[in-house]
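Written out below as structure tokens is the structure these notes cover.
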Amino acid sequence: MSDRKRRQLIQAILSAPLAAGAVLPGRAAAQGQSLPAWQPGLLDIHHIATGRGNATLMVLPDGTTLLMDAGATDDSLDVSFSPRPDGSRRPGQWIARYIQRRLKETGTQALDYLMVSHFHPDHTGDVGADAPPSRLGPYRLSGVTDVAEMVPIGTVVDRDFPGYDYPTVWTAPFATNYFSYVKSRVAKGQDVQRFRVGTDKQFVGKGHHRVPGKFGVRNLVANGEVWMGVGEGTVKMFPPLDTLDRKDYPNENLCSSGLRLDYGDFRYFSCGDLTSYTYDGEQPWRDVLTAAARASGPVDVATADHHGLFDGLSADTVRLLRPQAWMIQTWHISQPDLLQLERMFSERLYPGAREVYATSVMKENLVANRRMLSRLKSIDGHIVVRVAQDGTFNIFVTDNADESDRVKMVSGPHRSSRKSA
């Protein structure tokens, strides 16, 4: 294909309308205006689209805030999405400014929780030689540490505190920089905790506002340990390390921590970069994502973990979760994968309508996967799920080209599947 024809094809894909979203009755005026402010009693889940990695901010019904990851990759533009809103600030700074706008709505000034699902740079921040030093501790600024520089954080939770030696010791700069940040917090007496699988008592409401609705966060998985679905019992899927060749050790993605967020009848599932690939059946214990989905049970909204790549959602994971909406946090040329899209849309795996959203899809992927990507609701923008106390929810796509939070589209109202049942 000539360069001219390729450019014409890309332009045709970009200018063609995506699948139309239903406009929420009585909220048509919201389109083109700023996202209506959070109010007590609402659950907001913000999938923040910087084009540089994962960042999900959850504003719980009482105003408690939980940030899951703050990625900042340093990949070149031939394989990675361009920074959003632009390159004038680092991704972590844009994330922090987004959080500050949400904190203003809740009347609070600090992030209650930061949960780091795992230690890869698209979830914690890449650190190059030009990363500036922090004024608060002996570490450099990128991703998580950029957020911490601008927004006070009450509690940091990750999968391996305090040892950081499972399954092996990390020596990569992005990981050691995060560990230096944690060490600095500990030295100051600030709270850092290890993610506790099975509990629903680690991320709890701080009571910033009094609300009648019941909500909670269930810790589903970390380091191959999975909640059993009842009480706080867990099961460990990984074999003892001394029984494995070093090349077969669980990788960082496979050690990801994940959670289910409940509000009344509504449920949300997200597990970092957890995967299901078993080397074509050679090592079944690697299918941790399906085990986490089985523990969770059906949900209303789910992330397509590991950015919708080939080793993410198994067919069984899709059958078990069966959400009404999938969220794919994308930023790389390879994201999402065609087979993953086929599974998300497949009514053979579960019946009924569903919507699929992505945060930042590169033009090259649009060309390669045009047949399926044309069905997405959105391919560029922040994706906000807003849940009311009765379990109904709406999905907003907001503009990430600036900080206006301008609504590009609204889908809903959707009704929780448990409420419908």
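The values are calculated or read from the model by the stated rules, or taken from the named source; none is laboratory data. Every value quoted in this text rests on a predicted model; they were computed, and no experiment measured them. For neighbour counting, all protein chains shown are included, and Cβ atoms are generated from backbone atoms with ideal geometry for every residue, glycine included. Ligands, DNA and RNA are stripped out before the accessible areas are found, and what is left, the full protein with its side chains, is counted by its heavy atoms. Shrake-Rupley method; radii C 1.70, N 1.55, O 1.52, S 1.80 Å.
The table that follows gives values for the structure above.
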{"item": "Most mobile of 90, 210, 286 in a GNM of the chain (Cα contacts under 10 Å)", "result": "210"}
{"item": "Gain in span if fully extended, residue 310 to residue 105, counting 0.36 nm per residue against the direct Cα distance", "result": "70.0 nm"}
{"item": "Per-pair calculated FRET efficiency, R0 = 30 Å: residue 79 and residue 404 via Cβ, rounded to 0.05", "result": "0.55"}
{"item": "Solvent-accessible surface (1.4 angstrom probe) belonging to residue 307, in square angstrom, nearest 10", "result": "10"}
{"item": "Net dipole in debye of region 253-394 [+1 Lys, Arg Cβ; -1 Asp, Glu Cβ; about Cα centre; nearest 20]", "result": "340"}
{"item": "Candidate lysines for bridging to residue 363, where Cα separation is under 29 Å - those fewer than 8 sequence places away on the same chain excluded", "result": "5, 377, 408"}
{"item": "Computed helical MRE - 222 nm, the chain, DSSP H runs ≥ 4 contributing -39500 (n - 2.57), nearest 500", "result": "-6000 deg cm²/dmol"}
{"item": "Residues of the chain: accessible area per residue with a 1.4 Å probe, Å²", "result": "40"}
{"item": "Carbon + sulfur, % of accessible area of the chain - ligands and nucleic acids excluded, 1.4 Å", "result": "51"}
{"item": "Förster radius 35 Å - calculated FRET efficiency between residue 186 and residue 244, Cβ distance, rounded to 0.05", "result": "0.65"}
{"item": "Nearby lysines by direct alpha-carbon distance to residue 206 (threshold 28 angstrom, same-chain neighbours under 8 apart not counted)", "result": "104, 183, 188, 214, 419"}
